[in-house]
Amino acid sequence: MDRLEARFQRWALRRTAQPVTRRMLGWRNLYILPTWFGMVFALLLAVLLLAALNYGANMLFVMTFWLGAFFLLAMHRTHRNLLGLEMAIQVPQEVFCGETLQWPVVLSHESARPRYSIDLGWTRRPLVATHLETRSGRVLLPLQTSHRGLLACPPAVISSTHPFGLFRVWAYVSLAQQAVVYPRPIVCPMRQWATAMNDQEGLLTAATVSGNELEGVRPYQRGDARGRIAWKRSAGREALVSKMMGGGEAAGTVILSLEALPMADLETRLSWLCAMVLSCEEQGMDYALLLGKTSIAPGSGVRHCRECLLALACFRP
Amino acid sequence: MTIPATPIWDPSRPTAGRVTTTWLWRSMLVLVLLAQLSHLGQAPLWLIGAAAAAVLWRLAATALPWPVPRRWFVALLAAGIVAGLRIQVGQWFSQEFGTGLLVAASGLKAAESVGRRDLLVLVVVVYLMLAAVFINNEALPMAVLVLGLACLDTIMLVQLQQHPSLLPWPTCARIALVTLAQAVPVALICFILFPRLPGPLWGRLPQQHEALSGLSEEMAPDAIRSLALSAEVVLRAEIPDDMAAETLYWRGPVLWDFDGHTWRQGALSQGTDTPAPRTLPEKAGQGWQQTIIIEPSGQPWLLALDVPLASDVPGSTLRDGSLRNAWPLWQRRRYQALSVPAIAPGTLPATVQQRALRLPQAGNPRARQLAQRWQNQPADRVIQSARHWFKAGHFQYTLEPGAAPTQDSVDAFLFDTRSGFCEHYASALTFLLRAAGVPARIVTGYHGGAWNPWGHYVLVRQSSAHAWVEAHVDGRWLRLDPVAWIGITDGGRLDLSGNRGAEDGPMLHWLMNDAGLVQRLALGWDAIHTAWNDWVLSYGADRQRATLSWLRLGGLSRQEIAMLMVVMVLLGVLTLDWLGSVRWTRSHVVSRRYGHFCRAMARRGCPPQPWEGPVTFAQRAATRYPDLAGAIWRVTNAYVALHYGPSPGPDEKERLLRELSF
């Protein structure tokens, strides 16, 4: 059953056009079949018809035809629940590998008819359900990540059995959207890293740390890292104050280099670097990143951190 | 895209999916209970009681900390019920057994239900149970009740599919009822066009046989008396307006053979069973045209006014002047018949003549002696004498003549008791005529009927059962009604009921009177009931043929009709679907006007691209056509405000809509 459906999905995705940023659900890409319950209902209709024919009871005919017409109309109602719906997927918030990516799915339609019980998922099994009483809405569709890098949005399954549960209408929607998955941050367990933090030999080591001594405080400026705020000293004042570290610009910089890390496979080293970036950012240090041909100048702050993480996520040797 | 849609459930809380509320449980269980109760009078009472008790138990368990019964206990209970039902019904695989099982299953399933899936099973069981009611009872009130319950069942179906936080029950009810209402015209098409079979597919429903009463093919003493006390409806008929109630003789089986005790139809007389002509004469006035709806009798007789000549029932025959169907009537049936005042003259074949004169070897000496006095007279003189004899004999009409002796019953009636009802009179007269050498036979049927002014039809009940005599005189069969000779007609019986009313007091008498309120209401109700029977319940193969020819579809074959039905159903569904979408989109001016703008831009060579939102498109278009920039931005801003913004006030909306026109 699942294999059959997978084959059908491949076929269905082939016959729709290349991935676009939004997809209209129409007669061409919506499929509809009775659910298990729908088949039971059809069986009920067959039983009723047999009974009506045998007993020649006209009220049994009435009931059979009435429920039969209801069955047909239910199919149209279910189909209409998704018909004309437009689906788009926005760029999700970046996550670290292993976390759950939340793809923002935007559903909109032009008609005034409310749409109910729309199920979304990556397979037949829906993960979230939503309803649109207005013309558009946004829902987050979760996806568990397992690899760092640029993740193309997999084909989503949008389905609905509203309102009677007799039919299930569904569509496979493949949209051109990418998400960034940072490496999983892993603190380097080896002593080399711990010693390297104190090593003064510059670029040969993974990181160079200096300027750790507190020279004084200055008023808080935007962009100062959280770790740099002198919380205790700020306590009595009206405004925050930041720590002023000793040492020069160059000396106060940590340089994080992929090559300098001990031997391990690439993903592990990227994970270590990721943890280092986060740790440096946390402690409010300036840090630079050297990744093969890419190098990121020393800096700190949210934007710098994001740039580094992005480089780590997209790195290819 | 500013409106956030909140997910109704998410995977981290799996129980937050389609859950069932206590309220939902209770309404479903009450519905099961009602469906069970609609089987009252059909299924055994103890069975309905047991099933209802199981539902009530589960209903109580929604409020009290009672346990849901264990599986083995339910299985044990089921086995017990099946055994009890088998003993009561007496056979497996009968309709009665099946229906009983269904009622029992609904109760047991309700008792052990715990989840949403169980409720869905119950929904289907309730549909089945409701339909099963129609096998035995299709009366209008029951039909209204059952279809109403089916509507409720459908509402439950919608509610079970929803996330409860999503749709309040009035919305669910609206969805269900609107869809069911839309289904009505489609169902109507199927009902009219679906090919009907003249008989059952399998099994002749033997269990109905015992329940039926009516004329049979033999007449033992007191057979008609038991009918005379029954108010069951035999038939309803549209007849020519000018006929008086006394002249209505509804002809049934003819009885030939007498053994001194019972009259029987006997073997088929040679040459008397001929196919009834199916072509009814075009011109009225050649006879009495009747449209008759007959209730199931278990007998093949198609009652018609004395004497039927032709009918529209395929395969029907005329036997001894009575209309006979090819098989017994297990269903209500509607047919047309044409009757004439008398059977066409003709000489009797020798065998028939012999049969019409045959009497037991011995018995009833006094009657034979009386008949011997008339023996050598012509037939009409014999009848004249018999008539005088009855008139002068101080005969009484009574339904309580006392027990008749098993020997010489005709003598006892003619010379001792001199009181009896139509059966005694017909039996005695036939005996006398045969003994005097006049060929005679007994005709059973019904006499009279109540005219219903609302429905313009005559209603005949079992209490009108009657027997009369036919004598062969001068080459033709002549109807003789000895009961009429002694001055008692059907009116005698009406007086009886009138007297009963008088004893109960004048007010009640007025109410129960012929022209009284109750009588009128009863007649009105019967008129509605008849219309229901006429238009819905007796719509069978014949009626369908008539309807199709009225629709100018008479020439189509069965396959063509079926094809036509499928096409019409599909068209109907598509039309309803289209009407539904039109209603929803017509109000949506905003998209239409914006679409107009987009098409206008496309004509200028600048169509909106799929990846562009309205604002991006406006930027591109305005750069390309600077002279139109003002209009482009006006339209786009209005569209964005109307489509994505908070809903504006009426004036504001009016202004924005004006600005939206490109």
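Some observations on this one:
- A count restricted to segment B:84-132 and to residues that are open to solvent by less than 10 Å² (accessible area, probe 1.4 Å) and among the aromatic types (Phe, Trp, Tyr) stands at 1.
- Sole exception among (1) modelled with pLDDT under 90; (2) more than 30 Å from residue A:72 (Cβ to Cβ) for residue A:145, by number: (1)
- The single condition among (1) surrounded by fewer than 18 Cβ atoms within 10 Å (Cβ to Cβ); (2) more than 10 Å from every other protein chain (Cβ to nearest Cβ); (3) assigned to a helix (DSSP H, G or I) that residue A:47 does not meet is (2).
- Residue that is nearest to residue B:370 (Cα to Cα) [pool: residues in segment B:389-404 that are touching a residue at least 12 places away in the same chain (Cβ under 8 Å) and among the hydrophobic types (A, V, I, L, M, F, W, C)]: B:389
- Among the candidates B:187, B:173, residue that is among the small types (Gly, Ala, Ser), within 10 Å of chain A (Cβ to nearest Cβ) and open to solvent by less than 40 Å² (accessible area, probe 1.4 Å): B:187
- Residue in segment B:147-155 that is within 11 Å of chain A (Cβ to nearest Cβ), of a type in the set (D, E, K, R) and more than 22 Å from the chain's Cα centre (by Cα) present: yes
- Count of segment B:305-357 residues, restricted to those that are in contact (Cβ under 8 Å) with a residue 40 or more places away in the chain, farther than 17 Å from residue B:443 by Cβ and not in a loop (DSSP other than H, G, I, E, B), is 7.
- Taken over segment B:4-43, the residue count meeting the criterion of being part of a helix (DSSP H, G or I) and at pLDDT 50 or above is 16.
- Residue in segment A:48-64 that is under 38 Å from the mean Cα position of the chain (by Cα) and of a type in the set (Phe, Trp, Tyr) present: no
- The listed residue being modelled with pLDDT of 90 or more and closer than 18 Å to residue A:24 by Cβ, out of A:67, A:72, A:82: A:82
- Strands (runs of 3 or more DSSP E) within segment B:425-470 that include 3 or more residues crowded, with 24+ Cβ neighbours inside 10 Å and at pLDDT 85 or above: B:440-447
- For first residues located in segment B:280-294 and assigned to a loop (DSSP other than H, G, I, E, B), partners that are at pLDDT below 80 and lie 6+ apart or on another chain with Cβ distances below 8 Å form the pairs B:287/B:281.
- Of all the criteria given as (1) of a type in the set (A, V, I, L, M, F, W, C); (2) away from chain B (no Cβ under 12 Å); (3) touching a strand residue (DSSP E or B) at 6+ places or on another chain (Cβ under 9 Å), the one not satisfied by residue A:88 is (2).
- Scanning segment B:47-62 for residues that are part of a helix (DSSP H, G or I), of a type outside the set (D, E, K, R) and in contact with a helix residue (DSSP H, G or I) (Cβ under 7 Å, 6 or more places away or on another chain) gives B:47, B:48, B:50, B:51, B:52, B:54, B:55, B:57, B:59.
- Scanning segment A:70-101 for residues that are free of Cβ contacts under 8 Å to residues at least 60 places away in the same chain and either under 22 Å from residue B:142 (Cβ atoms) or β-branched (Val, Ile, Thr) (or both) yields A:70, A:100.
- Considering the conditions (1) closer than 24 Å to residue B:543 by Cβ; (2) crowded, with 18+ Cβ neighbours inside 10 Å; (3) more than 7 Å from chain B (Cβ to nearest Cβ), residue A:25 is excluded by exactly one of them, (1).
- Where strands (runs of 3 or more DSSP E) fall wholly inside segment A:100-171, the ranges with 3 or more residues that are within 12 Å of the chain's Cα centre (by Cα) are A:100-108, A:136-144, A:149-152.
- Taking the criterion of being on the phi < 0 side of the Ramachandran plot and within 7 Å of chain B (Cβ to nearest Cβ), the residues of segment A:52-66 that qualify are A:53, A:54, A:55, A:57, A:58, A:59, A:60, A:61, A:62, A:63, A:65, A:66.
- If you go through segment A:109-123 and keep only what is surrounded by fewer than 21 Cβ atoms within 10 Å (Cβ to Cβ), more than 7 Å from every other protein chain (Cβ to nearest Cβ) and at pLDDT below 85, you end up with just A:114.
- When residues in segment A:307-317 are screened for being open to solvent by 40 Å² or more (accessible area, probe 1.4 Å) and touching a residue at least 60 places away in the same chain (Cβ under 8 Å), 2 of them pass.
The values are calculated or read from the model by the stated rules, or taken from the named source; none is laboratory data. From a predicted model like this one, the values you see are computed outputs, not experimental measurements. A quick note on method: Cβ atoms are made from the backbone with ideal geometry, for glycine too, and the neighbour counts reach across all protein chains shown. Heads up: the accessible areas ignore ligands, DNA and RNA and are worked out on the full protein's heavy atoms, side chains in. Shrake-Rupley method; radii C 1.70, N 1.55, O 1.52, S 1.80 Å.
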